[in-house]
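Data block below; observations after.
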Amino acid sequence: MRTVSGIQPTGNLHLGNYLGAIRNWVRMQDAMEESGGECFFFLADLHAISQYQDPAELRRGIREMAAALIACGVDPARSTLFRQRDVPAHSELAWLLNGTARVGWLNRMTQFKDKSGKNREGASVALYTYPVLQAADVLLYQATHVPVGDDQKQHLELARDIAIKFNTDYAVELFTLPEPIIPPAAARIMSLRDGAAKMSKSDASDMSRINLADDPDLITQKIRKAKTDPEPLPDDPGLLDGRPEARNLVTIYSALADEPVKDVLARFAGQGFGAFKPALAELTVEKLRPIGARFAELQQDPAELDRLLKLGAEKANRVAAPTLGGAYAALGL
Ligand code: ADP
């Protein structure tokens with residue numbers, strides 16, 4: 001078994017990124033290791049430029065995301081972690097696959113329609129061919145399994161269609177058809193100031209989010225000031241309906257403690273936020289302390305980060321080479 005998964009590099013990482021995305025990678029790494037498989041994880045910096053990025057911000061975001069992934073438990077000694085840009089085979093294979101992918105197939109991709117919106121004519125060509133680069137990302141490594149959320153199912157289907165057509169057109173058995181794995185539903189973390197808005201790096205108020213770099217005092221202060229309601233906590237998760245702020249704090253507790261919401265409520269039912277918030281702050285500080293410390297350490301040592309990413313890239317280049325070579329040969333190039 002081999003899984004391949006990418007994440008776009010962004011900066012200002014927060015608890016939502018950790019619980020909603022990064023932690024899933026750590027779990028996948030553990031699960032794959034148990035079943036004798038391996039994980040390829042990459043920073044999708046080539047995908048990132050399908051929309052304009054400020055170059056300095058992008059450079060900073062790449063380092064920050066790499067530091068966060070490692071701090072949160074993605075282990076470069078157990079998984080292959082690299083930057084997409086460091087493995088030119090991604091770009092090369094994407095171009096070769098552009099010869100196989102059909103315009104009609106790409107025209108059906110709903111994500112392009114969503115992301116380009118009313119400005120289709122003004123969208124970049126990269127945004128349009130993004131799914132072909134994604135196909136290259138996974139086919140290059142003979143991935144057997146690819147974790148996909150709902151929004152990515154269609155792109156994995158496309159990768160399979162491209163693989164089938166290429167193998168058929170050129171009478172080769174080059175590409176493995178990757179199967180989807182549906183990751184366990186990730187927590188969706190909301191703003192601490194507004195239970196209806198997602199916790200996000202782009203929220204103007206820093207009090208709305210807990211950053212991976214926040215120190216314990218700041219975390220405690222943000223949780224103390226988080227918006228809530230005057231009611232005590234219920235014993236039944238259904239009774240959190242209509243109480244988005246209360247639901248969010250309980251969700252955060254449940255995700256960090258790795259305990260179902262109903263078990264959290266069983267412990268705190270009848271208590272108000274005066275009791276719940278300190279417990280939540282303590283738990284958050286305890287869970288984020290080692291992550292924050294390693295994160296800061298890595299960010300202050302870019303040479304070490306670059307060294308780890310280089311090792312990952314060397315391995316990825318090695319594994320990718322035969323598939324890329326096979327594609328060139330099949331095409332008569
Ligand atoms: P932001 O919304 O802060 O700009 P991104 O869009 O860069 O975050 O998201 C990076 C990853 O983190 C994505 O996989 C996304 O699903 C996840 N993520 C971001 N915010 C949240 C959140 N509030 N709750 C859960 N997951 C989140």
Could you pull out the pairs from K225/K287; K153/K227; K198/K287 whose alpha carbons sit more than 24 Å apart here?
K153/K227
Report the residues of the range 193-232 in range of a label on V26: point 7 Å along Cα→C-beta, backbone N strictly under 13 Å from it.
212
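Taking only C-alpha pairs under 8 Å that are 6+ residues apart, what is the relative contact order of the chain in percent? Each step should come with its number before you reach the end.
On the way: 492 pairs, mean separation 76.8, N = 333.
Once normalised by length, the contact order is 23 percent.
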With r as the distance between the Cβ atoms of E314 and D241 and R0 = 45 Å, compute the FRET efficiency 1/(1 + (r/R0)^6) and round to 0.05.
0.30
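Return the inverse of the average 1/r over all pairs of distinct C-alpha atoms in the range 206-298, which is the Kirkwood hydrodynamic radius, in Å to one decimal.
Final number for the Kirkwood radius of the range 206-298 is 13.7 Å.
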Taking the Cα centroid of the range 49-122 and of the range 263-287, what is the distance between the two, rounded to the nearest whole Å?
38
Tally the DSSP beta bridges in the chain and give the antiparallel ones as a percent, rounded to 5.
10
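Could you tell me the relative contact order of the range 206-298? Use alpha-carbon pairs under 8 Å, at least six residues apart, and round to a whole percent. Display every interim value, and only then the final one.
Values: 91 pairs, mean separation 37.0, N = 93.
Rounded, it is 40 percent for the range 206-298.
Read-outs throughout are calculated quantities, based only on the coordinates presented, and are distinct from any laboratory measurement. Predicted model, so just to flag it, every value in this text is computed and none were measured. Heads up, the Cβs are rebuilt from the backbone with ideal geometry, glycines too, and the neighbour counts pull from every protein chain shown.
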